[in-house]
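Have a look at the structure below before the remarks.
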Amino acid sequence: MALITAYGLSFYKIEVDKDKSLLSSVWQRPVNTEELIAGGTRLYEALRDTQAEKVIADARLLGTLSPEAKEWMASKFYGLLSQTSVKMVARVLPQNLFPRLALESVVTRAEALGVTRFDVKNFTDPQEALKWLLK
């Protein structure tokens, strides 16, 4: 895969493979609400600029989300992503049950609000997530 790093922050890495229309994002450490919003906004900008249709989002190191962060993700973030060309999002979630459930609940809420216009699937293994995206 020919991933080129773009739109990186010290705590969040975004890489793009234009040939596969694939964007990879990886949280490098636990973040606070402001950092989460900055990273999510950067992801939106990368998708807007590259027109990538597939996203693998690795949130295994994201940490515990504040109620404000979860609300922003459900009500704003997924709406922003729906304004891009994205068609599939494979989320790699932590093995730990509580952070995983919190992240799953964000998508459930976003879907209930009607702001997601793409397929989202959760994984705990990045290789399985990539296989799903590239099938």
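The values are calculated or read from the model by the stated rules, or taken from the named source; none is laboratory data. None of the values given here were measured: they were computed from a predicted structure. Note: ideal-geometry Cβ built from the backbone for every residue, glycine included; neighbour counts use all protein chains shown. What goes into the accessible areas is simple: the full protein's heavy atoms, side chains included, and nothing from ligands, DNA or RNA. Shrake-Rupley method; radii C 1.70, N 1.55, O 1.52, S 1.80 Å.
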From the options 44, 78, residue that is assigned to a helix (DSSP H, G or I) and in contact with a strand residue (DSSP E or B) (Cβ under 9 Å, 6 or more places away or on another chain): 78
Residue 128 in a helix (DSSP H, G or I), farther than 23 Å from residue 42 by Cβ, over 15 Å from the mean Cα position of the chain (by Cα) and modelled with pLDDT of 95 or more: yes
Subset of region 95-123 [touching a Lys or Arg at 6+ places or on another chain (Cβ under 6 Å) and within 18 Å of residue 85 (Cβ to Cβ)]: 118
Whichever residue in region 115-124 is in contact with a helix residue (DSSP H, G or I) (Cβ under 9 Å, 6 or more places away or on another chain) and of a type outside the set (Phe, Trp, Tyr) and, among such residues, is most open to solvent (accessible area, probe 1.4 Å): 117
Index of the failed condition, residue 62 passing every other in (1) touching a Leu at 6+ places or on another chain (Cβ under 8 Å); (2) at pLDDT 95 or above; (3) surrounded by 17 or more Cβ atoms within 10 Å (Cβ to Cβ); (4) not in a strand (DSSP E or B): (2)
Test for residue 129: is it buried (at least 19 other Cβ atoms within 10 Å of the Cβ), aliphatic (A, V, I, L, M) and touching a residue at least 60 places away in the same chain (Cβ under 8 Å): yes
The one condition in (1) open to solvent by 30 Å² or more (accessible area, probe 1.4 Å); (2) modelled with pLDDT under 90; (3) farther than 21 Å from residue 134 by Cα that residue 4 fails to fulfil: (3)
Filter result (open to solvent by less than 80 Å² (accessible area, probe 1.4 Å), part of a loop (DSSP other than H, G, I, E, B) and not aliphatic (A, V, I, L, M)) within region 82-108: 82, 84, 85, 94
Selection from region 60-119 of residues that are more than 19 Å from residue 46 (Cα to Cα), charged (D, E, K, R) and within 14 Å of the chain's Cα centre (by Cα): 60, 70, 100, 104
